[in-house]
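The values are calculated or read from the model by the stated rules, or taken from the named source; none is laboratory data. If you're wondering where the values come from, they're calculated on a predicted model, not measured in any experiment. Note that we place each Cβ from the backbone using ideal geometry, even for glycine, and neighbour counts take in every protein chain shown. Each accessible area value is taken on the protein alone, full model and side chains, heavy atoms only, with ligands, DNA and RNA left out. Shrake-Rupley method; radii C 1.70, N 1.55, O 1.52, S 1.80 Å.
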Amino acid sequence: MAKHETPFLDQLESGPWPSFVSDLKQQAEVRAKNEAGVEFQIPVDCVEDLLGVVELSYKHGRTHWKHGGIVGVFGYGGGVIGRYCDQPKLFPGVEHFHTMRVAQPCGKYYTTDYLRSLTKLWDLRGSGITNMHGATGDIIFLGTTTPQLEEVFYELTHNLNQDLGGSGSNLRTPADCLGSSRCEYACYDSNALCHFLTNEYQDELHRPAFPYKFKFKFDACPNGCVASIARSDMSFIGTWKDDIKIDQDAVAKYIANDEAYPANAGAFRGSRDWGPFDINKEVINLCPTKCMWMEGDELKIDNSNCTRCMHCINTMPRALKIGDERGLSILVGAKAPILDGAQMGSLLVPFVEVNPDDDYAAITEIIESIWDWWMEEGKNRERLGELIMRQGFQKLLEVTGIEAQPQHVAYPRTNPYIFWKEDEVEGGWERDVVEYRKHHLR
Ligand code: SF4
């Protein structure tokens, strides 16, 4: 028999999709039965009380978690988010219900043993409820009491070789894609760079000294599996400088609908009959910059106009490959809509080589020049993207010592006020624009 009636929450279980309410009810039962005979360190009925307090919040239309009360572990300024219930008499099991952020391994590679030790620890010293993973990427341990914080921290750091993540006004736990550990599109080793910067900036991660949160995310190719362009103050996206490699024989096989060459590696074609592959419809006409065309049987790409969107490569992976001169682009200033609405990252560095041999010096130099500026000029709780909006992208270029480049233009292909005639153009990228117009804007 449930401890609290939860009619509002019960509604959230209807429908075909998974429900956090069902998960919580299941966890509440596990704790109540306590089959393993575990000596829980926080109340057995904390999950029941969690359901009760959330139900009450739905009923009252306001939260029953209190603001305030700083908790943490010795030596760290982040990693624990204090949470207290304002109805401790009604819900004693969640009087304290602190969250702990645990740094996820690079690429989120786990062994089952490791996961078991984490859940065992959290069953004993917390509510047993986890969030895999939080929005920043960390493993989230949801709900424990103040006396358990140091215990969990000790166990993590001493016996599980595991660190807490970031929270508050500091560097948040850096997050990355699988990168070259599994992906043929990877333009750099995102795991290695993420690991290096996590170690390099331990102080910034654990001792909040910034105006507000700061996130690094690493996508090893422009497919952006961790969506760094939208989710991080500083986004590192793999790219290449030279040409897309074309295997014309493989192109011909795609065009001939050879079974061994299914478009999108067959990923989207299995569920429905899309008809035969049509290179014009599915690749050439969908190229965002219209820089591809067929010359006879040969596929051509005007690489100077390719924005590395990955569409053609994703569609014909056996025929098209990323180039060999690989590195990454750095974008800055993405954020969720706290002030002034959501922002995507703006391109700051179009290309930088990724060199572990000199400890990624070219990258850390840029990071630190940005932090110096932001820490000096940023207002309390002002994200980097907001400072860029307030003081201008030009200012960012000044403080980082980066020269303005065509790639910094926010909407280069939509500005209707710049036209060149052929005889005005001497060469370089202007010539490419004319060439492009000749081919594609007839
Ligand atoms: Fe066009 Fe994108 Fe392919 Fe570049 S990567 S050629 S922009 S479809």
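Points to keep in mind about this one:
- Condition check for Asp23: buried (at least 19 other Cβ atoms within 10 Å of the Cβ) and assigned by TED's automatic domain parsing to the domain that holds Asp123: no
- One residue alone among Thr364, Thr307 is among the β-branched types (Val, Ile, Thr) and closer than 30 Å to Ala260 by Cα, and that residue is Thr307.
- Just one of the numbered conditions (1) among the acidic types (Asp, Glu); (2) within 30 Å of Tyr212 (Cβ to Cβ); (3) within 16 Å of the ligand (Cβ to nearest atom) is not true of Glu365: (3).
- Qualifying residue in the range 340-351 (condition: within 17 Å of Lys215 (Cα to Cα) and touching a Phe, Trp or Tyr at 6+ places or on another chain (Cβ under 9 Å)): yes
- Summed over the range 184-223, the residues that are within 16 Å of the ligand (Cβ to nearest atom) and open to solvent by 20 Å² or more (accessible area, probe 1.4 Å) give a count of 4.
- Subset tally (residues that are over 25 Å from Glu386 (Cα atoms) and in a loop (DSSP other than H, G, I, E, B)) for the range 226-248: 5
- Residue satisfying all of: in the range 312-338; touching a helix residue (DSSP H, G or I) at 6+ places or on another chain (Cβ under 6 Å) and not in a strand (DSSP E or B); surrounded by the most Cβ atoms within 10 Å (Cβ to Cβ) among these: Met316
- Matching residues, the range 2-11, being farther than 20 Å from Leu142 by Cα and either under 28 Å from the mean Cα position of the chain (by Cα) or in a helix (DSSP H, G or I) (or both): Pro7, Phe8, Asp10, Gln11
- Odd one out for Val251, checked against (1) part of a helix (DSSP H, G or I); (2) surrounded by 15 or more Cβ atoms within 10 Å (Cβ to Cβ); (3) away from the ligand (no atom under 16 Å from the Cβ): (3)
- Within the range 308-359, if we keep just the residues that are touching a residue at least 40 places away in the same chain (Cβ under 8 Å) and β-branched (Val, Ile, Thr), the residue that is nearest to the ligand (Cβ to nearest atom) turns out to be Ile313.
- Boolean, Asp359 is over 30 Å from Ile301 (Cα atoms), exposed (fewer than 14 other Cβ atoms within 10 Å of the Cβ), modelled with pLDDT under 95 and not assigned by TED's automatic domain parsing to the domain that holds Ser304: yes
- Total residues in the range 286-300 satisfying the condition of being near the ligand (Cβ under 6 Å from one of its atoms) and not in a strand (DSSP E or B): the figure is 4.
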